[in-house]
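**Student:** This is the structure I want to talk about, given as structure tokens.
The values are calculated or read from the model by the stated rules, or taken from the named source; none is laboratory data. Every value quoted in this text rests on a predicted model; they were computed, and no experiment measured them. FYI the Cβ positions are ideal-geometry reconstructions off the backbone, even for glycines, and counts take in every protein chain you see.
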Amino acid sequence: MNNSSKTPDAPAVSDPSRRDFLKSGAGLTVAVALGGVGLSVSKSAEASAAYPGLVTSWLNVSTANVVSLTIGTTEMGQGSRSGLAQIIAEDLCVDINSVVLLQGGATIAYTGSNAVSRGYATSTGGSGAVRNNFWALRDAATQAREMLVLAAMDLTGDTLRANYTTVNAVVTYTPTGAKYTYGQLADAASTKAALVTGLTAPDTPFSALSVIGKSVPRADIPPKLTGKAVYGVDVVLKNMVFAVVKHCPTFGGSLSAVPATPKGAIAAVPLAVYDFTFPDPTKNYTASTLLKLTRGLEVSGSQTAVAVVAADTWNAINYANALAPAWKLPAGATSLNDAQFLADGNALISQTTLPSTQPGIVTGTSVTPSATLYTVAGSYAATEPAVASAGQVVDVVYTLPYVAHAAMEVLSCTVDYKPGVSCTIYASTQVQQNALKLVFLLLRQLGDTTIAPITNGVWDTSRIQISTTFLGGALGRKLEVDFISQAVQTAVAVSKLAAGPRPVKLMWTREQDFTHDQYRPMAVVRARAGVNGSGNTATIAGLEYRVVSPSIAQQRGSVLNTNAAAGVVGDSQGSEGARDLPYAMGSQLIEYVTHPSQIPLGYWRSVGASINVFAVESFMDELAVAVGADPYQFRRNQLLSTISSGAANAAMAQRWLAVLDSAATLGSWGKPAAGNFQGIAVGAAFNSIIAMVVELSATATSITVKKVSVALDSYLVVNPDSAIAQMQGGVVHALNATLYGRQTFVNGVAQRANFNTYSMIRSSSMPDVQVVLTQPTTLARSGVIGGVGELGVPALAPAIAHAFFKATGKRVRSLPFFG
Amino acid sequence: MATTVTLNINGVNRSVTVTDVNMKLLWVLRDMLGLTGTKYGCGIQQCSACAVLLDGQNDYACALAVSDVIGKKVTTIEGLAGVDPSSKVAADANYVKAAAAWQQYQVPQCGYCQSGMLVRCVGAMKAGHHGSQILPEMPNICACGTYARIKQAVTNL
């Protein structure tokens, strides 16, 4: 066992599953259940009995004194693996460097007729890798530690807990000084599960934490310095062939005939896009789930692309470039144009006759079919009189474009398919369990029920393995499984050639990556408010806010919620950053309108907050300008009003105020260097609060961002240096989007295909980024740990927009600035 | 037309058979020699993920044809780091300094672009650049946004 590197540089095939558990070797293993208490089980109990819970990971202390955590979360550069190791090290009382992180896969396992899911949490998104596993891992480590102590008690005969210490993987019996390594105790400890049932980690003063909250070097960095780290696109299997994908350039188009294999190539494989509806084993078959891979105008089963297979990538690219398949274009593709999208959005922004019981902001004309208005909060009847009777009304529209992900590693998946025997998937994926479901259903669709059998209604996925490599960035794009479906289809087709089955590595070119992305949706936002008074103490009488945007969830087949008692009305991600604002705003009407676009949509780092925080905070600046207030003091005063009102969101307003003040202090608000101009913004997403002060110089056609001062309150930060890196990186991601990020469309064809037309900033444009983080006085289970990875994105654009306004007098309401 | 050529990669002459000598070096390295540290990012000399040294100078493996590198010395990230299993050449002294700085400042996030970052940094050092002079020689794209750490890391090189 290699304990010098926590992250192997070669792809491991490993699952947080029954089979891993059974082969995990001697020692103590604790199963970790999602969202709850670590669940201690003995190996024999797990193997034989009906087993409750949604197991997400396994914590093992081996007889060789090695601590390993097998967990399905994906490392894509956010540093979560070190964060997870820190949590284990804290409560198990072991050195951080001795914790081995093993990449888990996904599995769906059963005990008799009682289906339960395993590895359910094997997806990584929503800035959740650390926070969603935090207390379950603390509990598991706590239970494992106490089981080890109980084993030591058997050896000494003394059951007084105070007579034992646990330090550096050693239990010491203090009366005699006798020392027992965890490895020595591990086998005996594994019989103590029943004695620690329900034991949980305590609330802990932050000052008493020894590993959590401290900056530690990331274990995944060394192999990333030598070229040895293996990403999805780097997987090499013996006898492998190489496939490159060519999609119909027009969204929704499909092959009208299967193209002939180019001379010299191995195969040209038509690739279909499928939707699957199935009784979901991870929901005990009680619910049917839709796994919808079609987007927009695509139809399930239609062949939207071709994989060209060759002996190497170079030849595959050339064959694919030369291939000119006949495509059948869908009716409606010609209406997929930027000008049309904007016209549709603008028509919906002031439309009152939408199919909704609530009237909208103002009167308008007829409406595009299938747009629906969802009232997220408030009512027009309550808000409009307050707005209309205010001393001043400000009414503006903001526009945001479709944005591509542009992760540096293009999409790639390698499939080792042995018909009737096994199918192993090596992929850069954020969603291992979705990938497993897809591959199981797809293999059945393609006729191989031998390795994807359903016996007595129960899925047997044991012949399919999902192996996760390092991800060369994801930014949300690798939540999709389109490329995995394509790789499996190609491998199955190759297996039917005369030469027989061979592993297939499928890759998208950068051009395919940009033009067949699933884009951050565009949006048109209208904000209308009434303000009273002037200067910093001016007050907001009412806010009417409507975001018109295509719904990601709806395009995937979700029915948007209309019942306020059941949760957020409409698309909850579409209104994130706009609802629950803690500013005192009098009466608030927040509306979400689905915009019926057929462009493929996806989750892009910070999702809806990237839209709404730009609009809300730009609007706060515009209100401040309208009343002659300082934008920082104006925000402060709206938060102070909420705090002094004692309203339900007063505590949240207090947190926003603290973060806003921290950023203002860090960024020396009001005192920019000569020739520089400042902007400020604050917002919330993923249960965290972010504020930024930007300092820049600008002309009408250029922006040089000099300094970004960031304050983050995520309740707890496990690895501060990693969190700072995420803030620095988030600034870059947001700068790319704010200055240049935009995909454009003509007749259903995405126009910007590579970095020569889709600009990204380089190191020479990097501003100085300073970060201040918040930590709790006492780390309590009642505290809500927020996300970090996506938080660096949403506040930058509005802060830049205001600083640009100060510099040039021009208010930019349409992003990007220069795209 | 399949052609067998000899290429000097990381100090070792290797014989490779390519379908034509216009094949780009990137794919020879990745698909034929298993040297996957050199990355594909754009294929059009925009992102520098494919950076290699050609006779010690920065170049783009995505643009160099096999015919361009015959008779020249190609150095990849594995060669600089001394981890090419076919090569006995030790790690490059400039690389060792740069990699230590990358480790000290915890530069990589996803890490995909960092092979190219380090190659171009070493190429710049070999060309006599120091400290912040190195940055203009590194127009690499990093989508994670590690630029702040890179600026720190090159300061003392």
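**Student:** Of all the residues that make up the range B:102-140, how many are facing chain A (nearest Cβ under 7 Å), among the aliphatic types (A, V, I, L, M) and either more than 18 Å from residue A:223 (Cα to Cα) or surrounded by fewer than 17 Cβ atoms within 10 Å (Cβ to Cβ) (or both)?
**Tutor:** Qualifying residue count for the region: 2.
**Student:** Does the range A:640-655 hold any residues that are surrounded by 14 or more Cβ atoms within 10 Å (Cβ to Cβ) and within 18 Å of residue A:537 (Cβ to Cβ), and which are they?
**Tutor:** Of everything in the range A:640-655, those that are surrounded by 14 or more Cβ atoms within 10 Å (Cβ to Cβ) and within 18 Å of residue A:537 (Cβ to Cβ) turn out to be A:640, A:641, A:642, A:643, A:653.
**Student:** Taking residue A:703, is it closer than 23 Å to residue B:138 by Cα and more than 14 Å from chain B (Cβ to nearest Cβ)?
**Tutor:** The answer is yes for residue A:703.
**Student:** For the list (1) among the aliphatic types (A, V, I, L, M); (2) in contact (Cβ under 8 Å) with a residue 24 or more places away in the chain; (3) more than 9 Å from chain A (Cβ to nearest Cβ), I need the number of the one condition that residue B:54 fails.
**Tutor:** Residue B:54 satisfies all of (1) among the aliphatic types (A, V, I, L, M); (2) in contact (Cβ under 8 Å) with a residue 24 or more places away in the chain; (3) more than 9 Å from chain A (Cβ to nearest Cβ) except (2).
**Student:** A further question follows. Does residue A:536 satisfy the condition of being surrounded by fewer than 19 Cβ atoms within 10 Å (Cβ to Cβ), outside the structural domain of residue A:281 (by TED's automatic domain parsing), in contact with a Phe, Trp or Tyr (Cβ under 7 Å, 6 or more places away or on another chain) and more than 24 Å from residue A:609 (Cβ to Cβ)?
**Tutor:** yes
**Student:** Can you pull out the residues in the range A:301-328 that are out of contact with any strand residue (DSSP E or B) (no Cβ under 7 Å at 6 or more places or on another chain) and not hydrophobic (A, V, I, L, M, F, W, C)?
**Tutor:** A:315, A:318, A:321
**Student:** Which condition breaks for residue A:565 when tested against (1) assigned to a strand (DSSP E or B); (2) among the hydrophobic types (A, V, I, L, M, F, W, C); (3) without any contact (Cβ under 8 Å) to a residue 12 or more places away in the chain?
**Tutor:** Answer for residue A:565: the failing condition is (1).
**Student:** Quick one: which residue in A:415, A:394, A:410 is of a type in the set (Val, Ile, Thr) and under 15 Å from residue A:531 (Cβ atoms)?
**Tutor:** A:394
**Student:** Let me ask you something else. What are the residues in the range A:732-769 that are in a strand (DSSP E or B), within 10 Å of chain B (Cβ to nearest Cβ) and either touching a helix residue (DSSP H, G or I) at 6+ places or on another chain (Cβ under 7 Å) or of a type in the set (Ser, Thr, Tyr) (or both), if any?
**Tutor:** A:769
**Student:** Continuing with this model, one more query. Residue by residue through the range A:707-721, note down the ones that are part of a strand (DSSP E or B) and within 14 Å of chain B (Cβ to nearest Cβ).
**Tutor:** Those that are part of a strand (DSSP E or B) and within 14 Å of chain B (Cβ to nearest Cβ): A:707, A:708, A:709, A:710.
**Student:** Additional query: Going through B:99, B:90, B:143 one at a time, which residue ends up being out of contact with any Pro (no Cβ under 8 Å at 6 or more places or on another chain), part of a loop (DSSP other than H, G, I, E, B), within 10 Å of another protein chain (Cβ to nearest Cβ) and small (Gly, Ala, Ser)?
**Tutor:** Within the list B:99, B:90, B:143, the selection yields B:143.
**Student:** So, in the range A:286-331, exactly how many residues are away from chain B (no Cβ under 14 Å), at negative phi and assigned to a loop (DSSP other than H, G, I, E, B)?
**Tutor:** Of the residues in that region, 17 qualify.
**Student:** Name every residue in the range B:4-50 that is small (Gly, Ala, Ser), more than 17 Å from residue B:91 (Cα to Cα) and more than 10 Å from every other protein chain (Cβ to nearest Cβ), in order of residue number.
**Tutor:** Within the range B:4-50, B:15 is the sole residue that qualifies.
**Student:** Could you go through the range A:430-439 and let me know if any residue there is within 14 Å of chain B (Cβ to nearest Cβ), over 21 Å from residue A:281 (Cα atoms) and in contact (Cβ under 8 Å) with a residue 24 or more places away in the chain.
**Tutor:** No, the range A:430-439 contains no residue that is within 14 Å of chain B (Cβ to nearest Cβ), over 21 Å from residue A:281 (Cα atoms) and in contact (Cβ under 8 Å) with a residue 24 or more places away in the chain.
**Student:** How many of the residues in the range B:21-37 are free of Cβ contacts under 8 Å to residues at least 24 places away in the same chain and part of a loop (DSSP other than H, G, I, E, B)?
**Tutor:** Count: 2.
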